[in-house]
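What follows is a single structure, written as structure tokens, with notes after it.
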Amino acid sequence: MVCLLYATDLAQQETRPRRVRPPVSSSQPVPVSQPDFTSPAASPSALSRDQREKRLIAAREFVVATGLPTICVRKLLDAFEEYLRKKPPKYQAQADIFMDFIEQCAGDEALSEEIATYLARNFEEQELLQLKAIAKTSAGRKIFYRFDNLPQAERLSDPDYLRLFDEQELKQFETFLRIPAFQKFSVRSAMLLGISTEIVAGKLESNRDELFRQMLDEMYRYQKEQPLPRD
């Protein structure tokens, strides 16, 4: 559990995307104002049952279209791999068990449902449909490819971030910046990692005994396979 929390801290320290394309000379970074999106959408309790259901369905469709659980879990795994680089190789076999379990959580219904519930609580149905449409564009597919590509408010006019897109995609991105739903998502996207960490940590806790047994078995096997020391 401590390993996961430490790895999550590493994940949150560095979220700048990789430079996958050279700068687009014909376009300049777009200045972005920072509207206040700290308040949630209309409270689900104030909606009719039908409206709540439609909002949740839209959120679920958006989660499926983007693979947000997989993106978040991959971020946790990347951070854990960074943590493991500082550990002796003999711990790798046990760590593989731990990492396999975390990776399986990406396909778990509970994680998808928690993310969808969070989105339904903070976005209107129409906003979720707009985000889903964005995710299906060429630029959107890059944005929702990995966690470090997800828009965050402080990066929306960062030249390094804009290098993700070619010239046509950059025009799409500039259009997204004018859509309130996209701006709101940029403010709230970082919360998704916290939600994922909480769910994964809970699953690790509930499966602690079995994982511990597997790790002990691996440690025992590793010790048996080591050559005997010679005088």
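Residues checked against (1) over 29 Å from K54 (Cα atoms); (2) touching a residue at least 60 places away in the same chain (Cβ under 8 Å); (3) in a helix (DSSP H, G or I):
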{"site": "F98", "(1), (2), (3)": "yes, yes, yes"}
{"site": "Q104", "(1), (2), (3)": "no, no, yes"}
{"site": "A110", "(1), (2), (3)": "no, yes, yes"}
{"site": "T117", "(1), (2), (3)": "no, yes, yes"}
{"site": "P151", "(1), (2), (3)": "no, no, no"}
{"site": "E154", "(1), (2), (3)": "yes, no, yes"}
{"site": "S157", "(1), (2), (3)": "yes, yes, no"}
Among the residues of region 41-81 satisfying the criterion of being outside any helix (DSSP H, G or I) and surrounded by 14 or more Cβ atoms within 10 Å (Cβ to Cβ), which is modelled with the highest pLDDT? G67
Among the residues of region 131-153, the number that are open to solvent by 20 Å² or more (accessible area, probe 1.4 Å) and more than 17 Å from the chain's Cα centre (by Cα) is 4
Matching helices (runs of 4 or more DSSP H) fully within region 162-221 where at least 2 residues are more than 19 Å from the chain's Cα centre (by Cα) and surrounded by 18 or more Cβ atoms within 10 Å (Cβ to Cβ): 167-176
Looking at (1) at pLDDT 95 or above; (2) of a type in the set (S, T, N, Q); (3) more than 20 Å from L56 (Cβ to Cβ), find the lone condition where Q130 falls short. (3)
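The values are calculated or read from the model by the stated rules, or taken from the named source; none is laboratory data. Everything numeric here is computed off the predicted structure, so don't read it as measured data. Cβ atoms come from the backbone with ideal geometry, glycine included; neighbour counts cover every protein chain shown. With ligands, DNA and RNA removed, areas are computed over all heavy atoms of the protein, side chains included. Shrake-Rupley method; radii C 1.70, N 1.55, O 1.52, S 1.80 Å.
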